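Let me begin by presenting the structure, written as structure tokens, before commenting on it.
The values are calculated or read from the model by the stated rules, or taken from the named source; none is laboratory data. As the structure is a computational prediction, the values presented were derived from the model and not from experiment. Ideal geometry is used to build each Cβ from the backbone, glycine not excepted, and the neighbour counts take in all protein chains shown. Areas reflect the complete protein model, heavy atoms only, side chains present, ligands, DNA and RNA absent. Shrake-Rupley method; radii C 1.70, N 1.55, O 1.52, S 1.80 Å.
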Amino acid sequence: MIAKSLRLLAALVVTALAATACGKEGSPPTKGPSADELPKYQVAQGFSLPGSRTWQKAQRRGHFVVGAKEDQPYLGEKNPANGVYSGFDIEIAKMVSASLGLDPKKIAFKTIASANRETALQNGQIDFYVGTYTINDNRKKLVGFGGPYYMAGQGLLVRTDEDDIHGPGDLDGKRVCSAAGSTPYQRIQADYPKAELVAYDTYSICVDNLLTYQVDAVTTDDAILLGYAAKAPDELKLVGKPFSQEPYGIGVPKSDNTLRFAVDDALQQREDDGDWKKAYDVTLGLSGVKAPTPPPIDRYPAS
């Protein structure tokens, strides 16, 4: 098992190194469904949203500019070989674009770091943002949120040969890895003080350490952990139930309530017609975890 884990780790390291040389010839492809396995989203014909300046600008441009993550497996990931984005969040952006009358194939995805999301929406750098963006009251003061479209929660990722950890109550004396200073790190520190915390700058390093038996578990949002499990389903698994609530929403400019309400309508439509589940099944569903029921959309009033 250790030898197998080391081989997998080597493959992941090669992929990570390739990601630092974007567009390099011969870079290994991102693991995941082929283009013909992804859902096809019918574009709404004759759609118009005259009350939204953001939509009008995108309509004149011919496509949306969407902020996203590029380093989260099966959520928002950028292929270093061809620059193509893929994952569940990317599919969410595509289905919303189609419902709002613009061809999802023409979306211009732009990587925006978490710390810069609000600024990018405020200055018009992007039209909307889809990337594990938790809705909370402080952020609502700066931007608007459509959704939520997924209810994440803090989870635990372990090796498939791990039989002693079934939830956070089993972490006493265990080495648990998370991102330094993150909310998941702080929650373990406060609520499960007998766990031995290990911190790194990125979750990918935590996963590397998990595969080589240097830590016993990795903790962050379960959606992010599902992505890692989908990359290595024979090596990694999620255990227990989520022990927090992180509603993921689509960020839009705060002043554009017309767009926000249209995004809510688009998400509801795609949940009802089955496209949401299809998108999940070919992305995060590859982890072996079945699609959950989408959370109720929060159509909070304009402020």
| message | Among the complete DSSP H segments of the chain, which ones combine at least 20 Å of alpha-carbon extent along their axis with a mean Kyte-Doolittle hydropathy of 0.5 or more? | response | 2-19
| query | If you take every DSSP beta bridge whose two residues both sit in region 104-246, what share of them, in percent to the nearest 5, is antiparallel? | reply | 55 percent
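Is it possible to state the helix-based mean residue ellipticity at 222 nm for the chain, with each DSSP H run of 4+ residues giving -39500 (n - 2.57), the sum divided by total residues, to the nearest 500 deg cm²/dmol? What is it? Kindly include the intermediate steps, with their values, before the conclusion.
Values: 10 runs with 100 residues, N = 303.
Estimated from H runs of four or more residues: -9500 deg cm²/dmol.
Given an 8 Å cut-off on Cα distances and at least 6 residues of separation, report the relative contact order of the chain as a percent. Don't skip to the end; give the middle numbers.
Details: 592 pairs, mean separation 73.1, N = 303.
That works out to 24 percent.
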| request: In whole angstrom, note down how far apart the Cα centers of region 104-136 and region 175-230 are. | output: 26 Å
| Ordering ARG299, ARG61 by how much accessible area each has at a 1.4 Å probe, largest first, what is the list? | ARG299, ARG61
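Please give the length that would be gained between THR183 and HIS166 if that part of the chain were fully extended, namely 0.36 nm times their separation in residues minus their C-alpha to C-alpha distance (nm, one decimal). Don't skip to the answer; put the middle values down first.
Numbers: separation 17, 0.36 × 17 = 6.12 nm, distance 2.09 nm.
Net length gain for the segment: 4.0 nm.
Compute for region 221-303: radius of gyration divided by Kirkwood radius, i.e. Rg/Rh, restricted to C-alpha atoms, rounded to two decimals.
Values: Rg = 15.3 Å, Rh = 14.7 Å.
Reported Rg/Rh, Kirkwood definition of Rh: 1.04.
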| Given H placed 1.01 Å from N in the peptide plane, which residues other than close sequence neighbours of PHE109 have an amide H under 5 Å from its amide H? | VAL66
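By accessible area of protein heavy atoms, probe 1.4 Å, what ranking do ILE205, ILE126 get, highest first?
Working: ILE205 65, ILE126 5 Å².
From most exposed to least exposed: ILE205, ILE126.
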| Estimated distance in nm for a label pair at VAL43 and THR202, the labels positioned 7 Å out from Cα along Cα-to-Cβ | 3.5 nm
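Calculate what fraction, in whole %, of the accessible area of region 160-303 sits on carbon and sulfur atoms when a 1.4 Å probe is rolled over the protein chains. Write down the numbers at each step before the final one.
Numbers: 3100 of 6440 Å².
Carbon and sulfur together cover 48 percent of it.
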| said: Which trypsin sites (Lys or Arg not before Pro) in region 78-171 sit in a loop by DSSP (not H, G, I, E or B) and have at most 12 other Cβ atoms within 10 Å of their own Cβ? | reply: LYS141
| task | Could I have the simple spin-label model distance between ASN136 and ARG60, label points 7 Å from Cα toward Cβ, reported in nm to one decimal? | result | 3.7 nm
| message | Please report the net charge: other residues with Cβ closer than 12 Å to the Cβ of ILE165, K and R +1, D and E -1. | response | -3
| remark: Projected onto their principal axes, the Cα atoms of region 175-243 stretch, largest extent first, over whole-Å spans of 32, 24, 19
